[in-house]
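Worksheet: one structure, shown below.
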Amino acid sequence: METARLELSEVRKHFGSTKALDGASLMVQPGEVHALIGENGAGKSTLMKILSGACSRDAGEIKLDGEDLRLTNPLQARDQGISMIYQELNLAPDLSVAENVLLGMEPKRFGWLNRKEMQDRASAALEELGAQAIDPQTTVRRLTIAQQQLVEIARALVSDPRVVIMDEPTSSLTQADTERLFAVIRRLRDRGVSVIYISHFLEECQAVCDGYTVLRDGKSVGSGESMSQTSLDEIVHLMVGREVSDIYAVPPHAMGDSVLQVVEVSGLDKPRKVSLELHTGEIFGLAGLVGAGRTETLRSIFGLDPMTGGSVERAGKRLPGSRPHERLREGLGLLSENRKEEGLLLNRHVADNLTLSDLKPLTRYGWIRESAQRAAAEHWIDELGVKTSGPDQEMGKLSGGNQQKVAIARLLHHGSDVLLLDEPTRGIDVASKQQIYRLMGRLAAEGKAVLFVSSYLPELLGVCDTIGVMRRGELVAVKPAADWTEHAIMLAATGADESVA
């Protein structure tokens, strides 16, 4: 029997009290494209960071071509033939293509950089990828995202890799660029390189991958040798541990009157003349690729980013002012996608985080009444089912899902009836996601309006009443959620089917 190229067995990793990996296993053969599948928070990134030397494991075994492997830094991983290409490209934009391809591996002659050899090696790597049209002397910032991704892969090739890890490689690519990337991946497979392919887009995994492994809550819960022959329903069931219909079940709610009008709102770069309308009792989802302008749209509406054109209106009247505190006064509330840096004070207790944006009802003569603050915090802890030892618990000691509930509770404490939620389920476990979905449905049933940004299409289709798709800063299509499919959303997001616009 052929020795596996890569074998990970019962890998475990804790970060404090958080169990990131709880017995994850993975086996990849030489010349295999292997899909690593799982929801956000399933442990994929942690497992790959361990494999690429970015962090250490607490327990478990890793073997590369039958030899035990223990890494302490990414340089060791590269020397062992393991290269990782991150979702956020890791290039030096002001250096040339050749300098990026050979970064850290520069050939020298008499103590000086051998630039001719750099050019030759970079050209050879690009030619192997079918990217000979890229000039090695070109500055990287002048390349398209797709070309930059090829430079990343070329950099992996010059180190003679045995394993290449690709994390969400198509998240910023058009359909045509995606197909070209698939051709490159197949060429890598043909030369015996093993590829670990991480993607939320299961149809892509079926198109390009051989075997697969599914992670859920830090554990390997399923694997197979033929991704193309496995039904997507079976994969999704492994990912979430229950039927999809149960995950996305939200309380019934009905759309009512218009409550917010966004009229041709533009920002410094994005958004670009975005118009949409929110109604009471509506969950409106915004889909699109990374960089499409969804986050910028929410930030412009809320006043965190400057608007260069357009208006935000309620009942046909333009909202006064354009700063966040003025938007809060008008009933708008924003949940940032980066809750740890922009949404929460992790070193303060739960009560502070819940009440910080509206302390006036809790003060007397300029002093916070601790009993009133505690009572308010306890009300919202009970209302949203936050799992905490009490209002005095430090925020950073809560799980990600409970942190997210506190961030939403703060908006409700402030009295917001228009909720702008940016990736509210990112990085939290499946059970917490289900609770967030039900909370959104309950808020809609109470007459609140929710504008909901997500990169995960199944949850948009599962919980939203209306879905709009953004591309390059523009809102290109808006339809009832029932009229969309994942395929149609991706076509609109990539511009592959202009007829949806």
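None of the figures in this text is laboratory data; all of them are computed from the coordinates on show. If you're wondering where the values come from, they're calculated on a predicted model, not measured in any experiment. When we count neighbours, we look across all protein chains shown, and the Cβ atoms used for this are built from the backbone with ideal geometry, even at glycine.
Net length available on complete extension from residue 110 to residue 478 is 126.2 nm, with 0.36 nm assigned per residue and the Cα-Cα distance removed. Peptides 112-125, 296-309 ranked from most to least packed give 296-309, 112-125, packing being the mean of other C-beta atoms within 10 angstrom over each peptide's residues. Under the classification rounded if a/c is under 1.5, otherwise prolate if a/b is larger than b/c and oblate if not, where does the range 72-114 fall, given a ≥ b ≥ c as square roots of the Cα gyration tensor eigenvalues? Oblate shape, in that a/c is at least 1.5 and b/c is the bigger or equal ratio. Please list the non-local residues whose amide H lies under 5 Å from the amide H of residue 477, H modeled 1.01 Å from N, same-chain partners needing a gap of 5 or more. Placed amide hydrogens put 469 under 5 Å from residue 477. A full extension of the chain between residue 392 and residue 375 corresponds to an added length of 5.0 nm, given 0.36 nm per residue minus the alpha carbon distance. For the range 217-231, the residues whose backbone nitrogen is under 16 Å from a point 7 Å from the Cα of residue 2, taken along Cα to Cβ, are 225-227. Suppose R0 equals 35 Å; then what is the FRET efficiency for residue 186 and residue 338 from their Cβ-Cβ distance, rounded to the nearest 0.05? The computed FRET efficiency comes out at 0.45. Spin-label model, residue 18/residue 95: points 7 Å from Cα along the beta carbon direction are separated by 3.1 nm. Extending 7 Å from the Cα toward the beta-carbon at both residue 87 and residue 255 defines two label points whose distance is 2.9 nm.
Converting phi to 3J(HN,Hα) with the Karplus coefficients 6.51, -1.76 and 1.60 and the offset θ = phi - 60°, the range 177-192 yields 5, 4, 4, 5, 5, 4, 4, 5, 4, 5, 5, 4, 4, 5, 8, x Hz in sequence order, with x at every glycine or proline.
Only the Cβ atoms of Lys and Arg (+1) and of Asp and Glu (-1) were treated as charged; on that basis the dipole of the range 117-169 about its Cα centre amounts to roughly 160 debye. Close amide H partners of residue 219, meaning residues 5 or more places away or on another chain with modelled amide H under 5 Å apart, are 22. I need the GluC sites (Glu not before Pro) found in the range 399-491, filtered to DSSP loop residues with at most 16 other beta carbons within 10 Å of theirs. Answer in residue order: 446. Here residue 132 and residue 207 are evaluated by their C-beta separation; at R0 = 30 Å the FRET efficiency comes out at 0.75.
For the range 137-147, the Karplus equation 6.51 cos²θ - 1.76 cosθ + 1.60, evaluated at θ = phi - 60°, returns couplings of 8, 5, 5, 4, 5, 7, 8, 6, 4, 4, 5 Hz by residue, with Gly and Pro reported as x.
When the GluC sites (Glu not before Pro) in the range 37-105 are filtered for DSSP coil states and for at most 16 other beta-carbon atoms within 10 Å of their beta-carbon, the remaining sites are 88. Couplings 3J(HN,Hα) for the range 456-471, derived from phi with the Karplus relation 6.51 cos²θ - 1.76 cosθ + 1.60 (θ = phi - 60°), are 9, 4, x, 6, 4, 5, x, 10, 8, 8, 10, 10, x, 10, 10, 8 Hz, where x marks Gly and Pro.
Taking Lys and Arg as +1 and Asp and Glu as -1, the other residues whose beta-carbon sits under 12 Å from that of residue 261 total -1. Rounded, prolate or oblate, given the Cα gyration tensor of the range 6-244, with a/c below 1.5 counting as rounded? Prolate is the answer for the range 6-244, as a/c is 1.5 or above and a/b outweighs b/c.
The modelled label-to-label distance for the pair residue 76/residue 63, using points 7 Å beyond Cα in the direction of Cβ, is 2.0 nm. Legend: distances between Cα atoms for 44/340; 317/405; 360/405; 19/387; pairs beyond 26 Å are 317/405. When the trypsin sites (Lys or Arg not before Pro) in the range 1-108 are filtered for DSSP coil states and for at most 15 other beta-carbon atoms within 10 Å of their beta-carbon, the remaining sites are 70. Once the Cβ-Cβ distance of residue 456 and residue 237 is raised to the sixth power relative to R0 = 22 Å, the FRET efficiency obtained is 0.85.
The mean sequence separation of alpha-carbon pairs under 8 Å and at least six residues apart, normalised by the residue count of the chain, gives a relative contact order of 15 percent.
Taking a straight line from the alpha carbon of residue 13, these aspartates and glutamates sit under 19 Å away, with near neighbours fewer than eight places off in the same chain left out: 22, 39, 58, 61, 68, 217, 429.
Close amide H contacts of residue 319 (hydrogens built in the peptide plane, cut-off under 5 Å, sequence separation of 5 or more or a different chain): 312, 313, 314.
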